[in-house]
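The values are calculated or read from the model by the stated rules, or taken from the named source; none is laboratory data. Owing to the predicted nature of the structure, the values given are computational and were not obtained by experimental measurement. All Cβ positions, glycine included, derive from the backbone under ideal geometry; neighbour counts span all protein chains shown.
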Amino acid sequence: MKAALYIRVSTREQIENYSIPSQKEKLEAYCKSKGWEIYDFYIDGGFSGSNTDRPDLQRMISDIKEIDVVMVYKLDRLSRSQKDTLELIEDTFLKNNVEFVSLTETLDTSSPFGRAMIGILSVFAQLERENIAERMRNGHIKRAEDGYRGMGGDYDPAGYARVDGELVTKPDEKKHVQLAFDLYERYHSITKVQKELKLLGYNVWRFRRYRDILANRLYVGYVSFAGEHYKGRHEAFIAEEQYDRVQALLEMHKGANAQKAKESLLAGLITCSCCGEKFVTYTTTDRRKDKVYKYRYYLCKARRFPIEYGHKCTNKNWNSKKLEEIIIKEIQFLSIGKKNGTPKIKKVNYEVQIKKVTEKIERVLGLYAEGTIPKQTLDKQIEIYNTEKDEILKRQKENSAAQNVISDEEIDNLVTNLTKSDFPTKRAAIQKLVKQISINGEDIDISWNF
C-alpha cells in the first residue's frame, strides 16, 4: 500500500499540539505498524481548513492515481467543512479506489466500520442538502403562485424592469415586443422581423433573443417555475390567441437550419480576421428546369446577419466544398518537420523543488514554535514560501500541458481518417488537428493543435 500523508497546520495550531513534526511522527508510526510504504508527504503550512484551495492538497489530488490510501492525523486536517470533507472522500478518494484513514477518529474506509461511518456522514449531509433544496423549491413555488417571476439572473426580461420584486412595464420596449409578434405573424421569419424593426428605427436585438421572446409565456401574463405556469402580477403584452398562432408558426419552421452545422466539416473553427466574428454556414437553392441545386457557403456572421451588428462585414464568402478541400489538403501535406517541430522539453523534477519548499516551511514553523522568531516574521516567510510553491505548481502544470502533444503516429492515423472514413469521423479528425482557421479574403491561416 502506497500512503499519501496529508498534513495541514495554521500558525495558531502550530503551538497547540498540531505541529508538523508531531503529525508526521504519528502518521509515520501508523504506516510502519501497517507495513505501508510512504509515497509522499503533502504539507500545507499556514493554510485554513475552510476551503480546498491549498497547494499541496491539490498536488495530492493530482497524484491520486499513484496512491492507495490517504492518511491524516485528524479529520479536520483534511477540511473543516463537512461538505468538502465528504466530497474529497467520496468523489475523489473512494471513486479512484483510494482508501482514507484518520488516526484520531479511528476512521478507516478499508474496514466495514469505516465505510459505515462514511455512509452515516453521507446520509446526514444528503438529508441537509435535500432539506435546503426543498425549502428553496417551496419558496420559489410560493413566489410563482403569488404571481411573482423568479428573480434569478442579472438582466431584466425585454419589456420589463425589476423593481422591488415586481415586473414594471417599460413602454418603449413593450411596443418593440408587440411589433416583434405582429411582424413574425406577417413574415414568418425572425431575420425579416429584424430588418423591418431597423427600418422603423428600433435598436435591433440578436436573433436568439427574438426567438426566446416569441416563445415566452411571460408576455401573455404568466410566470413559470419548474415547467409549471402561474398567472402573473405583471402586465401582459400579447393576447393568448396571438401567442398560440405564433407558437404554431415557430413549430412549423422549427429545425429548418438545424442540419447546417451538422453538415459542415469546419463548423466552429473559422474566425473572421476582419472583424473577429465566427463564420457560419449558409445554403442557397437554385432551381433550373426540373432540377434543384443546393450550394453551401461559409461566411462571416457579421455579413450573414448585419442587422445584429450595425455594420456588414465585407470578408469573402467561401464555397464550403472548395474551402474544405483546401483544409484537407493542408492537413494531408503536413511535413515531417511540422509534425516533429515541437522542441523537446527539458525534464524538471518539480517534486524535489516542492519538497524543498515544504522543508523550508517546516523549519520556519519550528522556529516560531520555539519562540525564536516573532509571528510577523513567520507570516511574512510563510507567504513567501507558499507563493514559491504556487509558482512551482504552476510551472509543473504548464510543463505537463506542453508535453501533451499529438504524436506523429496519431497524426498519420487522423490524416488517414480524412480519406477513408465517414463524415462524423472526418470532422472529429479535423477538430482534433485544427485549433483555429482565420480567413481574410483569399488568405487562410491555420493554427494547429500540436
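A few notes on this one:
- The residue that is farthest from residue 27 (Cα to Cα), counting only those in segment 89-106 that are touching a Phe, Trp or Tyr at 6+ places or on another chain (Cβ under 8 Å) and at pLDDT 85 or above, is 94.
- Residues of segment 419-450 satisfying the condition of being out of contact with any helix residue (DSSP H, G or I) (no Cβ under 9 Å at 6 or more places or on another chain), closer than 28 Å to residue 302 by Cβ and not in a helix (DSSP H, G or I): 435, 436, 438, 440, 441, 442, 443, 445, 447
- Within segment 372-391, residues that are touching a residue at least 60 places away in the same chain (Cβ under 8 Å) sit with their Cβ atoms under 6 Å from residues that are hydroxyl-bearing (Ser, Thr, Tyr) and in a helix (DSSP H, G or I), at 6+ positions apart or across chains, in these pairs: 378/368.
- Selected residue (criterion: nearest to residue 191 (Cα to Cα)) from residues of segment 328-337 that are among the hydrophobic types (A, V, I, L, M, F, W, C) and either surrounded by fewer than 10 Cβ atoms within 10 Å (Cβ to Cβ) or at pLDDT 90 or above (or both): 333
- Segment 205-217 residues that are assigned to a helix (DSSP H, G or I), paired with ones that are polar (S, T, N, Q) (beta carbon under 8 Å, 6 or more apart): 207/191; 207/194; 210/194; 217/224
- Counting the residues of segment 186-204 that are of a type in the set (A, V, I, L, M) and assigned to a helix (DSSP H, G or I) gives 4.
- Selection status of residue 168, assigned to a strand (DSSP E or B), at pLDDT 90 or above and in the same structural domain as residue 239 (by TED's automatic domain parsing): yes
- Consider segment 270-321 and keep the residues that are part of a strand (DSSP E or B) and among the aliphatic types (A, V, I, L, M). The one that is surrounded by the fewest Cβ atoms within 10 Å (Cβ to Cβ) is 292.
- Check on residue 63, closer than 30 Å to residue 375 by Cβ and among the charged types (D, E, K, R): no
- Every residue from segment 85-120 that is within 17 Å of residue 9 (Cα to Cα), of a type outside the set (Gly, Ala, Ser) and free of Cβ contacts under 8 Å to residues at least 60 places away in the same chain: 85, 104
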